[in-house]
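*Asks:* Below you'll find the structure I mean.
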Amino acid sequence: MDLLIVDTETMFGEALGIFLDAQDDMDVVGTATGLTQALTMASDLRPDIVTTGYPLPDGDGVDLIRQLRSQAGTRTIMVSAFEQEAVVIAAIDAGCSGFVSKNLSLEDVATAVRAVMRGETVIPRAVLGRVLEYSLKGTGWQGTNLTPTELEILKLFPEGLPDHAIAERLGLSERSVRNQVQSILPKLESHSKLQALATAIRRGIVILLIP
């Protein structure tokens, strides 16, 4: 898989790039330190995954994620020391597929990249717990046009399961789950499972208890 690394901290970005490029299943095609540079490189290189920090000299990672959302086939992961609930929620709403703290190891970042490429969502449990608590302070909107099956699938999103695992859990075919997911996302005005989960929580559709 091709990756583009974006981080304003040059030393961290280079270290992450070297580590990921050394993995047998990853190829780092470029590194960038700013939003404009990253957008140009992403347009030219068409990476499968873009990892981005939060602060950038000409914007931030949330802006980058939002602008990359229209680039088909490219998924984004925020790798940041900024773990404030508002930042994580903004990244999720922008369409990122995962959030990884810079406090974790580079191996953890590699694991997250592989998970996102499998269609899973990635967010540390500790961060997820704070985000859910923060989200529950939202509007509490109760209305939804999700079908019972779609709701059951949505309730499994926090586990970060790929479609085939959801299918096994619910006794459905993988194609059925894939179709249901594609139905859930527009109903919740979302572009990823993680964003759909955050939207559902804010609207009071799903309430999760995190140990």
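The values are calculated or read from the model by the stated rules, or taken from the named source; none is laboratory data. Every value quoted in this text rests on a predicted model; they were computed, and no experiment measured them. Virtual Cβ from ideal backbone geometry, glycine too; neighbours counted across all protein chains shown. To get the accessible areas, we keep the full protein, side chains included, count just its heavy atoms, and leave off ligands, DNA and RNA. Shrake-Rupley method; radii C 1.70, N 1.55, O 1.52, S 1.80 Å.
*Asks:* For the chain, what is the calculated [θ] at 222 nm in deg cm²/dmol (nearest 500), taking -39500 (n - 2.57) for each run of four or more DSSP H residues and dividing by its residue count? Walk me through the numbers before you get to the answer.
*Replies:* Working: 10 runs with 103 residues, N = 211.
Rounded to the nearest 500, the figure is -14500 deg cm²/dmol.
*Asks:* If you don't mind, there's one more thing I want to ask. PRE reach from T10 (point 7 Å along Cα→Cβ): which of the stretch 31-62 fall under 15 Å by backbone N?
*Replies:* Under 15 Å, as judged by backbone N against the label point of T10, lie 31-34, 57 of the stretch 31-62.
*Asks:* How high is the relative contact order of the stretch 1-99? Use alpha-carbon pairs under 8 Å, at least six apart in sequence, and give a whole percent.
*Replies:* Values: 178 pairs, mean separation 25.9, N = 99.
Averaging sequence separation for qualifying contacts and normalising by length gives 26 percent for the stretch 1-99.
*Asks:* Still on this structure, I have one more. Quick one: Cα centre-to-centre distance for the stretch 150-205 and the stretch 55-123, in angstrom?
*Replies:* 19 Å
*Asks:* Could you sort S43, S192, S176 by accessible area so the largest value comes first, with the probe set to 1.4 Å?
*Replies:* Solvent-accessible surface, decreasing: S43, S176, S192.
*Asks:* Where does helix 106-117 land angle-wise versus the long Cα axis of the chain, in degrees 0 to 90, nearest 10?
*Replies:* On a 0 to 90 degree scale, this one is about 50.
*Asks:* What is the local net charge at V29, summed over the other residues whose Cβ is closer than 13 Å to its Cβ (Lys, Arg +1; Asp, Glu -1)?
*Replies:* Details: positive: R46; negative: D2, D21, D27, D44, D48.
With Lys, Arg at +1 and Asp, Glu at -1, the neighbours total -4.
*Asks:* For the chain, what does the alpha-carbon gyration tensor say about shape, rounded, prolate or oblate, given a ≥ b ≥ c as the root eigenvalues, a/c under 1.5 as rounded, and a/b over b/c as prolate?
*Replies:* Prolate.
*Asks:* Next question, about the same structure. For helix 10-21, what angle does its Cα long axis make with the longest principal axis of the chain, in degrees from 0 to 90 and rounded to 10?
*Replies:* Its long axis makes an angle of about 70 degrees.
*Asks:* Under 5 Å between amide H atoms, partner at least 5 residues away or on a different chain: which partners does L56 have, H built in plane at 1.01 Å?
*Replies:* G61
*Asks:* Between H191 and residues 5 or more places away or on another chain, which pairs have amide H atoms under 5 Å apart, with H built 1.01 Å from N, and which residues are they?
*Replies:* Hits under the 5 Å cutoff: A196.
*Asks:* Does the stretch 4-121 classify as rounded, prolate or oblate by the C-alpha gyration tensor (a ≥ b ≥ c root eigenvalues; a/c under 1.5 gives rounded; else a/b over b/c gives prolate, otherwise oblate)? Intermediate results must be reported in sequence, preceding the final value.
*Replies:* Numbers: a/c = 1.18, a/b = 1.10, b/c = 1.07.
The shape class here is rounded.
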